[in-house]
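For reference, the structure discussed in these notes is given below.
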Amino acid sequence: MSESQSRYSIVERLTDKKLELMNQKARLKSETASCELKAAKYKQELEDWKKDIQEDIKRSQRQKEIEITKIEQEAKDAKARLSEKEKGFDEQIKAVEKAIASIEEISKTAPSNA
């Protein structure tokens, strides 16, 4: 009987060892699958980030283009206002010159009081 108990305990220990090895193997497969999922998740996050960055760049470019267009229009409007003001100043200068010429003409023809 002692011999059968000895065989039984050997079989039991070997069975326990087998179960332990199978559990370790299952854990290893689970850890590997988890790592693969994590890597896939990070890859997807990177791709999403790249798309977000591209969209941000496009949005920033559109904003800059709109800003440039606005500033160009402001410059065009300022140039038009400048041209109009220059015409106004030119007219005023001509009027002043005409007044000076009139005064000079009057001074030439008028008797001197000195």
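The values are calculated or read from the model by the stated rules, or taken from the named source; none is laboratory data. The structure displayed is predicted, hence computed values, not measured ones. Note that each Cβ is placed from the backbone with ideal geometry, even for glycine, and that neighbours are counted across all protein chains shown.
Residue under question is GLU20, and the condition is that it be surrounded by 10 or more Cβ atoms within 10 Å (Cβ to Cβ) and modelled with pLDDT of 95 or more; does it hold? Against the criterion (surrounded by 10 or more Cβ atoms within 10 Å (Cβ to Cβ) and modelled with pLDDT of 95 or more), GLU20 qualifies. Among residues of segment 18-30 that are touching a residue at least 60 places away in the same chain (Cβ under 8 Å), none has a Cβ under 7 angstrom from a residue that is assigned to a helix (DSSP H, G or I) and not hydrophobic (A, V, I, L, M, F, W, C) at a sequence gap of 6+ or on a separate chain.
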